[in-house]
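A short write-up of the structure that comes next.
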Amino acid sequence: MISTTLFTITIFIISQLSSPVTPAVYFLFAIFANGLCAGAAINYALAHLLHITPPSAHFISTALLNTFRGFAGSFGAAIGGGLFVRVLKSSLEAGFEENGGLKGKTQLVRRLVGAPALVGGLKGIDRKVAIGSYATATTKLFLSAALVAAFMILMQAGTGWKAVKDVEEVVVDDEWEEGLEQGA
């Protein structure tokens, strides 16, 4: 619980540091701390899973854990990327609308959504709007991730703490066993 909570806190901190005026060293430190917490949470998840499942089911539970870990990056990137692009586009449109109107800027918005490197070639208000929009999209992305991580804390808390005893023999219902003997 501690590692998962610290992971969530570091994601929230990253969301607050996602600003053009934040020194890079703060952002790098927060990312490093987040990586440490993520590693601790992943290691704990495996240890906890092995503790609460019977040894006879370890091969199944570890395979499922690794399967979902593998899918998590793909699904997270797809969902997070979709959120980021939507927030970026709406933020760019709103920023240009507030600063002289969106007329003539729709092509620029489309290009900025697909190519962040274009921000370096912009000047004046276009550059200011683009940088602010990317910062806003990054902040909202990490805030959303912090909300998902907070939900993850609740789910982890509800998984239980007591180990399950391994089942040595299978207990068969007498009526079912009689039905097998009779061929039914």
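The values are calculated or read from the model by the stated rules, or taken from the named source; none is laboratory data. Quick caveat: nothing in here was measured; it's all calculated off a predicted structure. Quick reminder, even Gly has a Cβ in these numbers, built from the backbone with ideal geometry, and neighbours come from all protein chains shown.
Annotations
- Top-ranked residue of the range 118-144 - restricted to ones that are modelled with pLDDT of 90 or more and more than 18 Å from residue 97 (Cα to Cα), ranked as surrounded by the most Cβ atoms within 10 Å (Cβ to Cβ): 142
- Residue match in the range 23-45 (condition: modelled with pLDDT of 90 or more, among the polar types (S, T, N, Q) and part of a helix (DSSP H, G or I)): yes
- The set of residues in the range 11-42 that are under 19 Å from residue 155 (Cα atoms) and touching a residue at least 12 places away in the same chain (Cβ under 8 Å) comprises 11, 12, 37, 38, 40, 41, 42.
- Residue list for the range 94-117, filter: assigned to a helix (DSSP H, G or I) and surrounded by 14 or more Cβ atoms within 10 Å (Cβ to Cβ): 94, 95, 96, 108, 109, 112, 113
- Single condition residue 89 does not satisfy, out of (1) over 21 Å from residue 30 (Cβ atoms); (2) touching a Leu at 6+ places or on another chain (Cβ under 6 Å): (2)
- Residue 152 satisfies every condition listed in (1) part of a helix (DSSP H, G or I); (2) exposed (fewer than 10 other Cβ atoms within 10 Å of the Cβ); (3) modelled with pLDDT under 85 except (2).
- Of the residues making up the range 77-97, those that are without any contact (Cβ under 8 Å) to a residue 24 or more places away in the chain and of a type outside the set (A, V, I, L, M, F, W, C) are 81, 82, 86, 90, 93, 97.
- Of residues in the range 74-105 being among the polar types (S, T, N, Q) and touching a helix residue (DSSP H, G or I) at 6+ places or on another chain (Cβ under 8 Å), the one modelled with the lowest pLDDT: 99
- Residue check, residue 10 surrounded by 15 or more Cβ atoms within 10 Å (Cβ to Cβ) and out of contact with any strand residue (DSSP E or B) (no Cβ under 6 Å at 6 or more places or on another chain): yes
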